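Data block below; observations after.
The values are calculated or read from the model by the stated rules, or taken from the named source; none is laboratory data. Because the structure is a prediction, the values reported are computed rather than measured. Every residue, glycine as well, gets a Cβ built from its backbone with ideal geometry; the counts of neighbours run over all protein chains shown.
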Amino acid sequence: MEGRKLPIAVFVSGRGTNLQSIIDAIESGKLDAEIKLVVSNRSKAYALKRCEKHGIPYEVIPSKKFKTHQEWGEALIEAVKRSGAELVVLAGFMKIVPPNFIEAFENRIINIHPSLLPAFKGLDAQGQAFDYGVTLTGCTVHLVIPELDSGPVIAQAVVPVLPNDTAETLAKRILEHEHRIYPQVIQWFAEGRVRVDNGKVVVLGAKYGTLPFNPQLERF
């Protein structure tokens with residue numbers, strides 16, 4: 001690809017399947033981004049093996065090594081600034097990021113959550129939705145603010161709950177949609193199309209009222 005690539009930092013804690021979807025989108029030419037750094041709070045996260053395979057730099061910065069949440073936030077801020085990343089992508093990062101970190105990168109931190117926010121915030125959102133008995137759920141990409149899973153929504157994908165679903169099969173299908181819409185949202189940032197207006201996100205040129213992903217398109 002030609003042209004500028006958006007420098008990003010990706011935060012992970014576990015398997016890193018969303019990280020892999022971002023890597024795949026970059027390598028296939030669909031996403032104009034470059035992963036400058038991966039940060040993990042866990043040294044044994046499988047996501048780090050994905051970094052090694054693809055030659056992506058990473059740092060392990062566990063919160064338990066710092067006396068306070070703020071000191072941990074300062075270490076995260078320093079790492080991201082040193083990398084040159086302009087957008088922070090939380091991809092299965094299972095720690096609440098400190099307020100000072102959020103303030104340092106206001107409107108430049110995004111997260112993906114496996115429910116249609118504001119429904120089913122917090123852990124095991126898929127299980128919450130399944131236990132509640134909803135017929136529709138999905139996933140949400142949103143800006144990160146200090147309040148958990150409460151930032152302005154950027155994109156959502158709807159996933160039906162089927163009669164023969166289990167919490168596990170539902171979670172698997174939601175994850176497939178996460179892998180589609182997360183790279184797409186990052187591409188919107190790369191194209192400079194994301195605007196925040198009065199606490200709401202507007203994507204310039206987006207086809208509102210249509211599905212957020214069209215497999216017939218070569219690019220997002």
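Tabulated data
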{"quantity": "Unmet criterion (only one of (1) crowded, with 16+ Cβ neighbours inside 10 Å; (2) more than 22 Å from A155 (Cβ to Cβ); (3) of a type outside the set (A, V, I, L, M, F, W, C)) for K53", "calculated": "(1)"}
{"quantity": "Checking T135 against (1) at pLDDT 95 or above; (2) surrounded by 14 or more Cβ atoms within 10 Å (Cβ to Cβ), the condition it does not meet", "calculated": "(2)"}
{"quantity": "Meets criteria (modelled with pLDDT of 95 or more and charged (D, E, K, R)) for E2", "calculated": "no"}
{"quantity": "Wholly enclosed strands (runs of 3 or more DSSP E) of the range 43-155 bearing at least 2 residues under 17 Å from E178 (Cα atoms) and either touching a Phe, Trp or Tyr at 6+ places or on another chain (Cβ under 6 Å) or in contact (Cβ under 8 Å) with a residue 24 or more places away in the chain (or both)", "calculated": "87-90, 109-113, 136-143"}
{"quantity": "Test for I102: is it crowded, with 20+ Cβ neighbours inside 10 Å and within 14 Å of the chain's Cα centre (by Cα)", "calculated": "no"}
